[in-house]
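Okay, structure first, notes after.
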Amino acid sequence: MIALGCDHGGYELKQEIISYLESKKISYRDYGSFSPEPADYPEYAHRVAHAVVNGECEKGILICGTGIGISIAANKVKGIRAAVCTDCFTAEATRLHNDANILALGGRVVGPGLALKIVETFLNTPFSGEERHSRRIAGIEKD
Ligand code: RB5
């Protein structure tokens, strides 16, 4: 189950991602926003982040204008590793190395074709499971 969230800067791209997920028969939950009207990204970041940490959803995808504000907000939730990706290399690397559990995208930064390739890469790349990466991820949570 994939959790989706956006603000107005990401609304259009969220609709593209929904069509993609439906075409691939990938289950998702849409946590809003549900219209292109101005919306505050922390609200949707927190909804999706909590759905991921409480196990309702396995991963999340968050979209705002740049992907930055919404990822900063999501990363405040303990256990969240949200990565802003603008290319497939970083989407693959953040799954392999960081076991990122939320992909953040900028609806004003990446076009829909590239965004869907990034989503595909993020969802289909497993964590490497390598000890050095597990150790570093564990270190993220230390104060
Ligand atoms: C909204 O205008 C914009 O600030 C927001 O979508 C995002 O880019 C923030 O980081």
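Derivation of every value follows stated rules applied to the coordinates shown; laboratory data play no part. Worth saying up front: this structure is predicted, and the values here are computed from it rather than measured. Because the Cβ atoms are built from the backbone with ideal geometry, glycine has one as well, and the counts that use them run over all protein chains shown.
One table, with the values for the structure above:
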{"quantity": "Overall Cα dimensions of the stretch 38-84 - principal axes, largest extent first, Å", "calculated": "28, 19, 15"}
{"quantity": "GNM flexibility winner over the chain from A49, A73, A82 (Cα, springs under 10 Å)", "calculated": "A73"}
{"quantity": "Length-normalised contact order for the chain - Cα pairs under 8 Å, 6+ apart - percent", "calculated": "24"}
{"quantity": "Whole-Hz couplings from phi, Karplus 6.51/-1.76/1.60, listed for the stretch 38-48; x for Gly and Pro", "calculated": "x, 9, 8, 4, x, 4, 7, 4, 5, 4, 5"}
{"quantity": "Net dipole in debye of the chain [+1 Lys, Arg Cβ; -1 Asp, Glu Cβ; about Cα centre; nearest 20]", "calculated": "320"}
{"quantity": "Extension gain, S35 back to F89 (0.36 nm per residue minus Cα-Cα distance, nm)", "calculated": "16.3 nm"}
{"quantity": "For R135, R95, order by how many other beta-carbon atoms lie within 10 Å, fewest first", "calculated": "R135, R95"}
{"quantity": "Amide proton proximity set for D87, modelled H, under 5 Å, gap of 5+", "calculated": "none"}
{"quantity": "Neighbourhood net charge (13 Å Cβ-Cβ; Lys/Arg +1, Asp/Glu -1) for V53", "calculated": "+2"}
{"quantity": "Three-way shape label, the stretch 11-50, alpha-carbon gyration tensor, a/c 1.5", "calculated": "oblate"}
{"quantity": "Distance histogram for the stretch 18-136 (every C-alpha pair counted, 5 angstrom bins, percent rounded to whole numbers)", "calculated": "2, 12, 22, 25, 24, 11, 4, 1, 0"}
{"quantity": "Set of aspartates and glutamates with alpha-carbon distance to K59 below 17 Å, sequence-local pairs under 8 removed", "calculated": "E22, D30, E92, D99, E120"}
{"quantity": "From phi via Karplus (6.51, -1.76, 1.60), per-residue ³J(HN,Hα) for the stretch 11-18 in Hz, x at Gly/Pro", "calculated": "4, 4, 5, 4, 5, 5, 5, 4"}
{"quantity": "Table column - 3J(HN,Hα) (Hz), the stretch 118-132, Karplus curve with 6.51, -1.76, 1.60, x for Gly and Pro", "calculated": "5, 4, 4, 4, 4, 6, 9, 9, x, 5, 5, x, 5, 4, 5"}
{"quantity": "Euclidean distance of C-alpha centroids, the stretch 2-58 and the stretch 75-143, integer Å", "calculated": "16"}
{"quantity": "Order of C57, C64 - criterion: other Cβ atoms within 10 Å of each residue's Cβ, fewest first", "calculated": "C57, C64"}
